[in-house]
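Taking it in order: structure first as C-alpha cells, then the write-up.
The values are calculated or read from the model by the stated rules, or taken from the named source; none is laboratory data. Everything numeric in this text was worked out from a predicted model, so none of it was measured. Here Cβ is always computed from backbone atoms with ideal geometry, including for glycine, and neighbour counts include all displayed protein chains.
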Amino acid sequence: MNTVHNWGIAREKNHQTPKSDPLKFNITDYDAYYVGDINEKIIYLTFDEGYEKGYTPAILDVLKANEMFHIFFE
C-alpha cells in the first residue's frame, strides 16, 4: 500500500535554494532528490501531465532524441 506524504517549499529571493518543510521520511528511500550537488550544472525537468491534450508523444520524442532525463507527474 502506498503512503501519502505532504511536503512543500518556500521560495527564496536572490536565487537562493528554497527552504522546505521538514521531512517526516527519508527522501532517498524513494530515489528522490530535493537539491542535488549545487556545484554541478544539472537541470531536472518535470512535466505536469494533468492537462494532457495529445502533446506527450511529441514531448517524449524530443526528450529521447536529446537523451534528456525527465519526470512526469499527474
Mind checking which residues of the stretch 41-73 are over 20 Å from ILE9 (Cβ atoms) and either surrounded by fewer than 10 Cβ atoms within 10 Å (Cβ to Cβ) or hydroxyl-bearing (Ser, Thr, Tyr) (or both)?
-> LYS41, TYR51, LYS53, GLY54, TYR55, THR56, PRO57, ALA58, ALA65, ASN66, GLU67, PHE69
If we scan the stretch 29-37, do we find a residue that is assigned to a loop (DSSP other than H, G, I, E, B), free of Cβ contacts under 8 Å to residues at least 40 places away in the same chain and farther than 28 Å from ILE59 by Cβ?
-> no
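Every residue, every condition in (1) touching a helix residue (DSSP H, G or I) at 6+ places or on another chain (Cβ under 8 Å); (2) of a type in the set (Phe, Trp, Tyr); (3) modelled with pLDDT of 80 or more, yes or no:
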| residue | (1), (2), (3) |
| --- | --- |
| ILE27 | no, no, no |
| GLY54 | no, no, yes |
| ALA65 | no, no, yes |
| PHE73 | no, yes, no |
Top-ranked residue in the stretch 8-40 [being within 20 Å of PHE69 (Cα to Cα) and among the aliphatic types (A, V, I, L, M); ranked as surrounded by the most Cβ atoms within 10 Å (Cβ to Cβ)] | ILE27
